[in-house]
Each structure stands twice: as C-alpha cells, then as structure tokens.
Ligand code: SAM
C-alpha cells in the first residue's frame, strides 16, 4: 500500500442542530436518556437538496457525527476524568466519550422523526433523544443499522448501566398557567423538564449533599429554575428567555 502522507482532511459542516438545550448544563451524558428532547438539523444551503435524504424514513434511528464546538477551543488531554466515574478517576481520553478529544468529533444515535422542506427552501431533519447543545455543527448522518450496530454480547467495565433518574420532580402550584403556555410551544414540555431534572444535572460533587442554591437551566424558550433537597427537585420558576 502506498503510504498516504496527508495528515489533515478538510471537511464541511452540512447543517446545525436546533436543540431544546440552550446551554451545556443539564444535557444528559448520552443520547436517548431524555426521550422527549426534540430538535432538528437544519441543512446549509449547499446541502439542502431533499434527494440527499431519500430513503431515510426507512430507519427508526440515525447516527449523528458532529463537532463539540463549545469545547473544541480548550484542546484535548491524554487523560480525562469522566463525570460518570465521579470525576475522581483518570482514564485515557480514547477510552471515554469525553468532549476533549484530539479531534473534537462526537457521535450520537438519535430517533428519526420526520423530514421537512420549508417553503423558503430550508431542509430540516427532525430528531428526538438528542444530547447536543443548540447550534452544534453536523458533519455527517448515517442510518443506524441494527444487525451491525447492536452488539448483544458487547460489554464495558465502566459505565455499565444507564444513569438512574435520581430525583422526583414537582412543579410549584403557581406554575400551572405558565406550563400550559409552554406546552403550546413545545408539546410534552413538562415531561421533558421532568426527564432532564430527574437525572440531577448538578456537578457530581454537589449531589447527595445539602444544597441551598437555586439553579437555572435554559430549556427551549425558558429559564427553568429549581431547588434540590434530598431526592426531591422543586421547579420554582419558569421565566421567558430574552
Ligand atoms: N453521544 C456523544 C458522544 O458519545 O460522542 C456525546 C457524549 S458527551 C459525553 C455529551 C455531553 O457533551 C453533553 O452532556 C453536553 O454537555 C456536551 N455537549 C453537547 N453538545 C456539545 C457541543 N456542541 N460542544 C461541546 N459539548 C457538547
């Protein structure tokens, strides 16, 4: 084989993600942990030919290949401390799904929803269960093929099971009217917030300890404020994002 001395390969962004997660805080550590996370990929004009997606409805799930654009500038490290392991244990970056990689490329399997072509020519691919922040650049999409991608005997000695939803989430009674408005703009919003907060988005070192802080997380069009005491999470305010 003739060696190929090329050490970089130019790539193009084909589109960007519109995500209900407006910031990294509270995004689950993997796709499909929050099923009600609904978003879409809007393709750039050069990649808005609907022919490109012909046949995609045949698949229930898709792989997204994307750029960790919000952490890429921080570079990478050979060893990282995965939050999933409590943030204390160091592991080789390529043995983790850390965002701080030699190439800031991520891979998520998401649920296919539908293809939409807008009257203005924009092409959107709607997806669910995403773990990506709003604006994430997409470099490729591939079908999820069960016979090849589901490996029944696959094992891992780390992160063996999906993280358990730890918290019981309730909403302050005076939020009933606001929740109805939110529901009109994002069907399933209340349940979506429950799924996000049940996983306890706080840093690992805060979890399981007394915590008087009121946290805020930007989801869809709102800043959702909450307090956590023990295993209970109270959503105390939902404010419009300006
Ligand atoms: N499923 C992907 C993978 O395995 O490559 C992502 C896993 S990574 C551990 C998931 C985390 O990436 C999320 O919790 C979120 O904080 C972060 N994230 C999501 N989108 C990002 C982006 N565009 N830039 C940087 N970090 C991002």
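Please treat every number below as a calculation from the coordinates, not as lab data. Owing to the predicted nature of the structure, the values given are computational and were not obtained by experimental measurement. Here Cβ is always computed from backbone atoms with ideal geometry, including for glycine, and neighbour counts include all displayed protein chains.
What's the ranking of 146-152, 204-210, 119-125, 226-232 by average number of surrounding C-beta atoms within 10 Å, highest first? Write out the running numbers ahead of the final one.
On the way: 146-152: 7.7, 204-210: 11.7, 119-125: 13.9, 226-232: 15.4.
Answer by packing, highest mean first, reads 226-232, 119-125, 204-210, 146-152.
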(request) Report, in whole Å, the centroid distance computed from the Cα atoms of the stretch 158-236 and the stretch 41-66. (result) 32 Å
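Rounded to the nearest whole Å³, what is the per residue volume of the convex hull around the Cα atoms of the stretch 10-110? Kindly include the intermediate steps, with their values, before the conclusion.
Working: hull volume 13.8 nm³, N = 101.
Per-residue hull volume (Cα only) is 137 Å³.
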(request) Between residue 152 and residue 60, take the C-beta separation as r, use R0 = 22 Å, and let me know the FRET efficiency to the nearest 0.05. (result) 0.80
(message) Report the Cα centroid-to-centroid distance between the stretch 123-141 and the stretch 71-88 in angstrom, as an integer.
(response) 23 Å
(message) Please report the equivalent ellipsoid semi-axes of the chain, computed as sqrt(5 x eigenvalue) of the Cα gyration tensor, largest first, in whole Å.
(response) 31, 25, 17
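Tell me what the chain gives for mean residue ellipticity at 222 nm when only DSSP H runs of n ≥ 4 count, each as -39,500 (n - 2.57), the sum divided by the residue total, rounded to 500 deg cm²/dmol.
Numbers: 3 runs with 24 residues, N = 242.
Computed ellipticity for the chain at 222 nm equals -2500 deg cm²/dmol.
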(message) What percent of all Cα-Cα pairs in the stretch 168-240 falls into each 5 Å bin, going from 0 up to the bin containing the maximum distance?
(response) 3, 16, 31, 26, 14, 7, 3, 0
(message) Show me the ranking of peptides 52-62, 3-13, 213-223, 129-139 by mean Cβ neighbours inside 10 Å, starting with the highest.
(response) 129-139, 213-223, 52-62, 3-13
(message) Starting from the 7 Å offset along Cα-to-Cβ, what nm value, one decimal, do you get for the label separation of residue 78 and residue 168?
(response) 4.9 nm
(request) Among DSSP beta bridges lying fully in the stretch 168-240, give the percent that are antiparallel, nearest 5. (result) 75 percent
